[in-house]
1. Need pairs with beta-carbon distance below 7 Å; first residue touching a residue at least 12 places away in the same chain (Cβ under 8 Å) and within 14 Å of the ligand (Cβ to nearest atom) and within the range 76-91, second in a helix (DSSP H, G or I) and among the polar types (S, T, N, Q); sequence gap 6+ or separate chains.
2. Within the range 202-251, which residues are away from the ligand (no atom under 16 Å from the Cβ), of a type in the set (Val, Ile, Thr) and out of contact with any Lys or Arg (no Cβ under 9 Å at 6 or more places or on another chain)?
3. With respect to the numbered conditions (1) buried (at least 23 other Cβ atoms within 10 Å of the Cβ); (2) in a loop (DSSP other than H, G, I, E, B); (3) of a type in the set (A, V, I, L, M), which one is the sole condition not fulfilled by residue 86?
4. List the number of the failed condition for residue 27; all other conditions in (1) surrounded by 15 or more Cβ atoms within 10 Å (Cβ to Cβ); (2) more than 16 Å from the ligand (Cβ to nearest atom); (3) free of Cβ contacts under 8 Å to residues at least 40 places away in the same chain; (4) in a loop (DSSP other than H, G, I, E, B) hold.
5. Report every pair of residues separated by at least 6 positions or lying on different chains whose Cβ atoms are under 8 Å apart, first residue within the range 282-302 and touching a residue at least 60 places away in the same chain (Cβ under 8 Å), second assigned to a loop (DSSP other than H, G, I, E, B) and surrounded by fewer than 19 Cβ atoms within 10 Å (Cβ to Cβ).
6. Return yes when residue 57 is within 27 Å of residue 324 (Cβ to Cβ) and within 16 Å of the ligand (Cβ to nearest atom) and no when it is not.
7. Go through the range 233-349 and tell me which helices (runs of 4 or more DSSP H), entirely inside it, have 1 or more residues that are over 26 Å from residue 14 (Cα atoms).
8. Being in the same structural domain as residue 334 (by TED's automatic domain parsing) and in contact with a Pro (Cβ under 8 Å, 6 or more places away or on another chain): is that true of residue 305 here?
Amino acid sequence: MELIDFRSDTVTKPTPAMRRAMAEADVGDDVYGEDPTINRLQERVAEVFEKEAALFVPTGTMGNQIAVKLHTRPGAEVVIEERGHIFNYEMAAMAAVSGTLARPVTSGDGSGILTWDEIKAALRVGGPYYDSSTGLIALENSHNLAGGTLLPRARTEEICERAHALQIPVHLDGARIFNAAAALNETVAALARPVDSVMFCFSKGLGAPVGSMLLGARDFIEEARRWRKLLGGGMRQAGVLAAAAVVALEETPPRLHEDHHNARRLADGLADIPGVRVDPEKVVTNIVIFDVSKTGRAADEICDTLRRDYGVLASGFGSSIRMVTHYDVTRADTDTALNALRGTMDSRQ
Ligand SMILES: Cc1ncc(COP(=O)(O)O)c(C=O)c1O
């Protein structure tokens, strides 16, 4: 049985164009700064994001955690939405690597997108009892665990303006910022303009096999290069990876709306399955998270059946299931998955 993989957008295989580019990539030793393909990619990305400099890193986690390290000192707090990736899914690196403490904040409307007032209430600035003080505000766009929700440009601008007035830097985890830009009809530069640093992934919605980019001011990126090496991320002829990223950067963004349409199609179909709770209106990018607690079946059990009986892969989290669309799943695959979901959960079938 052929598998259709909705577990994440990280599962995509390189396209023929990416494989060709990888095979033909011009390479050198990137620890010496001599890989022409990486250098070209970093320059191109800095241009696209209108930031001074960019650094190719092996993973999004490394990019985020270098940013946390450089913006903070040990003992500082990082204000972050409670489901934020940096806080929940990066092996507590913000504590282990930077000695920082997460100050998780709940978004009042459940969207995962914080307002300035919610952030402000969590800040620790001045005051004699605050041994720890806020060293960083970490944002996420789109917000993965909140279901691919969007941080609008104006909200980012407001948060940054107010944070900067208090001398607090802002980092943006933009692992899927190209999905956010497509859905918001903005450029990635506009979404990232007010933040001090931004990380995005080639290996998610953009579909490249490996790699992420950290962007910021020139001196910040110089220092980031040192930390990348310290953390074991100094790669050598990694131009073979960057070559696929170059292709992803050019080819994928214009087609991301197809993934968003497929995600909405999935959500629309799911909303009609008895016991499934999902609001299709809130599915605005490529991530669909739906609650199955009222189906009388555990999420893991549903995922096991989907895989075993239908070859459809999804991720169970407690009482929820997450499905992510990407270029390796077509509209027909989406319909196949919906039929599988109906067959698994709808007792009327
Ligand atoms: C929002 C977000 N940030 C960061 C990461 C980390 O990326 P990586 O898996 O490349 O370390 C992920 C990975 O899923 C993510 O979804």
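The values are calculated or read from the model by the stated rules, or taken from the named source; none is laboratory data. Owing to the predicted nature of the structure, the values given are computational and were not obtained by experimental measurement. As a convention, Cβ positions derive from the backbone with ideal geometry for all residues, glycine included, and neighbour counts pool all protein chains shown.
1. 86/64; 90/61; 90/64; 90/65
2. 240 - this is the single residue of the range 202-251 that is away from the ligand (no atom under 16 Å from the Cβ), of a type in the set (Val, Ile, Thr) and out of contact with any Lys or Arg (no Cβ under 9 Å at 6 or more places or on another chain).
3. (2) is the only condition that residue 86 fails.
4. (3)
5. As it stands, the answer is 282/111, since those pairs meet every condition given.
6. yes
7. 256-271, 299-305, 331-345
8. no
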